[in-house]
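*Asks:* What follows is a structure written as structure tokens; I'll ask about it next.
What follows draws every value from the coordinates through simple rules; no lab data is involved. Owing to the predicted nature of the structure, the values given are computational and were not obtained by experimental measurement. Cβ placement follows ideal geometry from the backbone for every residue including glycine, while neighbour counts extend to all protein chains displayed.
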Amino acid sequence: MFETILLVIASVIVVVGVTIWLVGERGKLYLPSTLKFLQEGGLVRFLNLSTLHGYIYMRWQKSYIRLFVNQIGPRSSQSGRQWWADQYHGKVLTEQQARSLITINEDIPYQDLEQVIPYPVARNIILSAPPEITVYECGCRLARQSPCSPTQVCMFIGEPFASFMLEHHPRESKALSQVEALDLLKSEHERGHIHTAWFKNAMLDRFYVICNCCKCCCGGIETMVKYGISMMSSSGYVAWVDETLCGACGTCVDLCPFGAHSLETYSTIAWDTCTGCGVCVDQCPNDALSLIRDERKGIPLDLKVLSS
């Protein structure tokens, strides 16, 4: 079943790719962002279908994600789900880390990143500001029968991604200023949603989006919790509870997207499961929780270190 689905997807990619290459889009040769994306990807990526995969992902993202969430994921074998997960690499961010991605005000050379972000696909990333930011409808939320709101919460960062989404989806996306992007992050954090930075092989092997994920709708969280396949690495931190302050109210248990909290006489945290998102810390009514740096959890995406 899974191999058949992959064959169909590959065939669609080829057909769409040839059509774009020969005919162009909307009766034109190309939209500017389409041409930029194809040029940056290069001929090799075009021929091996990587760039075309990225194009289809952005061009029909809602249908793409709906297909995975409702059809491919549930019907695939465990090895099939693992293959699919390997195409994506997400890193959980604390709110401060997410804010720093938007407000960094200097270029960061890609050769330093491998020391800070443990992703081979991230070695070519260059983060610069003021970054172009386009917010778009969340495909994961729209794939659900009763999605969480708001739905326009996925922030495509930098070029050619921001312009591509804005040009191809003018009714469902809009450009954000840094202030607007920070306000969105804050609002989502206050709702108990987590921030994640995503890298994708088909997206030019670069960081391209900050997602604001809820445990009800997010396909990445579902893949981890329901199927036990890791798609997101830790922020580099882990939650810690002060037993003397904990009121055993259960707020953290209800909020945690990964089920890391449990309640006895006070909240306890499963180290292996905690990703260090920090949602529980800011929502705790007794200020009993905090994030602590833990080297065993990986290296944080710390832009102060990157720019030093």
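*Asks:* Give K174/K297; K62/K186; K36/K297; K36/K226 a once-over and call out the pairs whose C-alpha atoms are over 31 Å from each other.
*Replies:* K174/K297; K36/K297; K36/K226
*Asks:* How about the stretch 229-308: which GluC sites (Glu not before Pro) there lie in a loop by DSSP and see at most 13 other Cβ atoms within 10 Å? Walk me through the numbers on the way to the answer.
*Replies:* Numbers: sites: E243, E264, E295; in loops: E243, E264.
Here the GluC sites (Glu not before Pro) that fit, given the DSSP loop and packing criteria, are E243, E264.
*Asks:* Treating the stretch 237-297 as a set of equal point scatterers at the Cα positions, no solvent, please give the Debye-formula log₁₀ I(q)/I(0) at q = 0.20, 0.23, 0.29 Å⁻¹.
*Replies:* Log10 of I(q)/I(0), two decimals: -0.64, -0.85, -1.37.
*Asks:* Extension gain T268-Q87, at 0.36 nm per residue separation less the Cα-Cα distance, in nm?
*Replies:* 61.8 nm
*Asks:* Just to be sure I understand the model, the point goes 7 Å from the Cα along the line to the Cβ. What's the resulting Q39 to S149 distance in nm?
*Replies:* With each label placed 7 Å out from Cα toward Cβ, I get 4.2 nm.
*Asks:* Per 5 Å bin from zero, what fraction in whole % of the C-alpha pairs of the stretch 163-308 is there, up to the bin with the longest pair?
*Replies:* 2, 9, 15, 19, 20, 15, 10, 6, 3, 1, 0
*Asks:* Using +1 at the C-beta of Lys and Arg and -1 at the C-beta of Asp and Glu, which of G276, A248, L184 has the Cα lying farthest in the positive direction of the dipole of the stretch 177-278?
*Replies:* About the Cα centre, the residue reaching furthest to the positive side is L184.
*Asks:* Give me the one-decimal nm value for the distance between modelled label points at L182 and S79, 7 Å along each residue's Cα-to-Cβ direction.
*Replies:* 5.0 nm
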